[in-house]
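This report concerns only the one structure given below.
The values are calculated or read from the model by the stated rules, or taken from the named source; none is laboratory data. Note that the structure is a prediction, hence the values are computed from the model and not measured. Note: ideal-geometry Cβ built from the backbone for every residue, glycine included; neighbour counts use all protein chains shown.
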Amino acid sequence: MPARLRPLLSLALLSCLALPASLAQAAEPDSTPSQPHITVTGRAHIDVVPDIATLSVAVATERPKASDAVSDNSQATHTLISQLKSEGLNPQDIKTVSITLVPVYDQQRDPNSHVTKRVLRGYRARNSLAITVHDISKAGLLAREVIDKGVNEFYGINFDYSKKTEAYDKLRGDAVADALRKAKAYMPPLGLKLGRVLEISPAASVGQPRGAIFAASVDGSGPTSIPIEPGTQTLEIEVKITFEVTPGE
């Protein structure tokens, strides 16, 4: 075949096939551009060290009467929050997650472990809080302090990164560059070249935390600081870009 016809033949084949999914990951038929095109996915990621910790804790109180459980729990929670604020914690970093009141029963069982009788023992009031710490080096100390101040249920720790917006902005550019690199790599063997961008479809941002997360009931005994290691958090971006394809020179 004459060399001058090869680009035209490649383009004709591309028009019919629109490239296989392994190369193009083409859009749905009703949204696919009609002109010859290629769709590629660009990816970028970065590992960051979290600098924000959110403690999930609760004050739980059990009393024979529901009114006493609510009253005592409210007082204990109010005292905890007041002490945290007096020590300089920003009120915006203390969030009420839930408030519950449930009956508590003692159960009697037969030799086959079947419940034969339930006796009301009392009521348990619980006030769950999320406490955010912006200096992550103090998270372990604060976790220990809130236990001393009335927290008796500890559900775990979530980590976050304060400069996530700036990091994702850079990753978007890196993901676009990765998509362009991949698209260009397909062109020379086919005697084609990239044209204009036809479509850009950003994917959802993903943050994958890695670190210490645990749940436990606590009794106030132990060291003055709870060991907390934030680990790393992987921020990822994906973007699909559809390029027009034209005959090469």
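How many residues does the stretch 86-104 contain that are modelled with pLDDT of 95 or more and over 26 Å from the mean Cα position of the chain (by Cα)?
Selection size over the stretch 86-104: 5.
Might you check whether a residue that is hydroxyl-bearing (Ser, Thr, Tyr), at pLDDT 95 or above and outside any helix (DSSP H, G or I) occurs anywhere in the stretch 25-37?
The answer is no; no qualifying residue exists.
Which residues, taken from the stretch 47-86, are over 30 Å from Lys170 (Cα atoms), surrounded by fewer than 14 Cβ atoms within 10 Å (Cβ to Cβ) and in contact (Cβ under 8 Å) with a residue 24 or more places away in the chain?
Hits for the stretch 47-86 are Pro64, Lys65, Thr79.
Restricting the first residue to the stretch 161-184 and requiring it to be under 13 Å from Glu238 (Cβ atoms), which pairs with a second residue that is in a loop (DSSP other than H, G, I, E, B) meet a Cβ separation below 6 Å and a spacing of at least six or different chains?
Listed pairs, sorted by first residue: Tyr168/Ser205.
Kindly list the number of the only condition in (1) within 37 Å of the chain's Cα centre (by Cα); (2) modelled with pLDDT of 95 or more that fails for Lys65.
With respect to (1) within 37 Å of the chain's Cα centre (by Cα); (2) modelled with pLDDT of 95 or more, Lys65 is out only on (1).
Yes or no, residue by residue, for (1) in the same structural domain as Ile38 (by TED's automatic domain parsing); (2) within 18 Å of the chain's Cα centre (by Cα); (3) at pLDDT below 95:
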position: Leu171; (1), (2), (3): yes, yes, no
position: Leu190; (1), (2), (3): yes, no, yes
position: Ser201; (1), (2), (3): yes, no, yes
position: Ala212; (1), (2), (3): no, yes, yes
position: Ala215; (1), (2), (3): no, no, yes
position: Gly220; (1), (2), (3): no, no, yes
position: Ser225; (1), (2), (3): no, no, yes
position: Ile228; (1), (2), (3): no, no, yes
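Residues of the stretch 82-135 being touching a Pro at 6+ places or on another chain (Cβ under 6 Å) and either among the hydroxyl-bearing types (Ser, Thr, Tyr) or more than 21 Å from Asp72 (Cα to Cα) (or both), which ones?
If the condition is that a residue be touching a Pro at 6+ places or on another chain (Cβ under 6 Å) and either among the hydroxyl-bearing types (Ser, Thr, Tyr) or more than 21 Å from Asp72 (Cα to Cα) (or both), then Tyr123 is the only one that fits.
For the condition polar (S, T, N, Q) and surrounded by 14 or more Cβ atoms within 10 Å (Cβ to Cβ), what is the one hit in Ser162, Ser128?
Exactly one residue qualifies, and that residue is Ser128.
Looking at this structure, is Asp106 surrounded by fewer than 12 Cβ atoms within 10 Å (Cβ to Cβ) and more than 22 Å from Ala143 (Cα to Cα)?
yes
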